[in-house]
1. Calculate one ³J(HN,Hα) per residue across the range 199-216 by plugging θ = phi - 60° into the Karplus curve 6.51 cos²θ - 1.76 cosθ + 1.60, and present them in order as whole Hz with x for glycine and proline.
2. Just Phe316, Phe193, Phe69 to compare: in a GNM of the chain, with alpha carbon springs under 10 Å, which one fluctuates most?
3. Please name which of Tyr344, Gly163, His259 has its Cα lying farthest along the dipole of the range 130-359 towards the positive end, using unit charges on Cβ (Lys, Arg +1; Asp, Glu -1) and the Cα centre as origin.
4. With the chain treated as a Gaussian network of Cα nodes joined by springs under 10 Å, which of Arg107, Arg246, Arg176 yields the largest mean-square fluctuation?
5. What is the magnitude of the charge dipole of the chain about its Cα centre, with +1 placed on the Cβ of each Lys and Arg, -1 on the Cβ of each Asp and Glu, and no other charges, expressed in debye to the nearest 20?
6. Say R0 is 51 Å: what FRET efficiency, to the nearest 0.05, do Leu72 and Phe315 get from their beta-carbon distance?
7. Would you pull out the residues with amide H under 5 Å of Asn362's amide H, same chain only if 5 or more places away, H placed 1.01 Å from N?
8. Report ³J(HN,Hα) in whole Hz for each residue of the range 65-72, in order, from the Karplus equation J = 6.51 cos²θ - 1.76 cosθ + 1.60 where θ = phi - 60°; Gly and Pro get x.
Amino acid sequence: MSGRLRRRGPLYGGRWGVALLSPVILTVLISGLAFATPREIAFSRLLPAAPALAAAMWPVLPTILLGTFCLLVMIGLGFAYTDLGTPYTAAAIIAVTLAAAYASHVRLQREEMLLQVRLVADAAQKVLLRPLPRRIGNIELESLYLAAQEHSRIGGDFYEAAGTPHGVRLLIGDVRGKGLSAVGAASAVISCFREAAYDEPDLRGIVHRLETSIARHSAAFPGQDLPERFATALIVEIPHGGGQVRLLNCGHPPPLLAHHGKIRVLDPTIASPPLNLAALIGDYYCVDTIAFAPGDQLLLYTDGVSETRDRTGEFFPLPDWMGRQGLEMPRELLDRLHQDLLRYSGGRLDDDIAALAVRCPNTQGQERPA
């Protein structure tokens, strides 16, 4: 998210600087026209617009000072043109300036409240999507999260990673639903995973506990979107010593495995039900075991990545894109994915995006033979 804001920062910063000066520019423009044109045109009657505009972006005191300046300009015009209707325009300037000062005060209070809400949201995000370690054991790991809305902090996409006695265990998923209920369900799943990843020797045991957790949360916090409140999830286990990776996919988009420049889509052998739907479609869970050699890289992602569309409605060609990246480090891979997704979508994302890049480093400095 921060990369997205930095990318757009210079453009918006320049526009914001011009906007801050617009009340002054408006005042100078109206004053100049009032002095330079015949009095019948009466541009001076537009002077109250300057403090009104200032209220939208300036603090209270500068707004009052600008209104005072406009009043002095009007008084000066009154000495130059005695039949300009100065008392009426001056009264309008005073009234508008007082109203603008009050509006500025209310706006600042609301901005302070919004700032506090965003600070709380940032704290919630650090708890829900806390920064992951860049390395767990001998596994390199990087994460990416992008919100569809420009000022969003948290959403229904989630991920987590843990180094456990059973190996490195990863979780990525997406809660179906919107609003705070989706965030609450994601929090319930992540909190449960953080405990179960250490306790359960088998991935099936973890997913059973996640199923119980999201079911309890949905029952405790019912809402209008309750029928949609289920979650896709992908649990990954890389045992100590490496050599393989175990996957349990609960209705989630299949991860991609890069090996010797070839991309493999790791579809599950047997589909497992999404979380909170086991009671409807059965609770059989299939664990697949895949070779994971030094130099291999695994990309886990939510459907916001694979379903990103261009202007013609075409989906982002993720496997083809992955095949063109070569042997990128996890951070470089996700940074490039971030940039290319924004470029492909024209800078506008329609869904939240989460991704994890996992790499088994080649300790011998070269790829093993095929």
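1. Along the range 199-216, the couplings run 8, 8, x, 10, 5, 5, x, 5, 5, 4, 5, 5, 4, 5, 5, 6, 5, 5 Hz.
2. Result: Phe69 has the largest fluctuation of those listed.
3. Highest projection toward the positive end goes to Gly163.
4. So, out of Arg107, Arg246, Arg176, the one fluctuating most is Arg107.
5. Rounded to the nearest 20 debye, it is 900 debye.
6. 0.25
7. When sequence neighbours closer than 5 places are left aside, the close amide H contacts are Gly295.
8. Couplings: 5, 5, x, 5, 4, 4, 5, 5 Hz.
Each value in this text was obtained by applying a stated rule to the coordinates, not by laboratory testing. What you are looking at is a predicted structure, and each value in this text was computed from that prediction instead of being measured. Quick reminder, even Gly has a Cβ in these numbers, built from the backbone with ideal geometry, and neighbours come from all protein chains shown.
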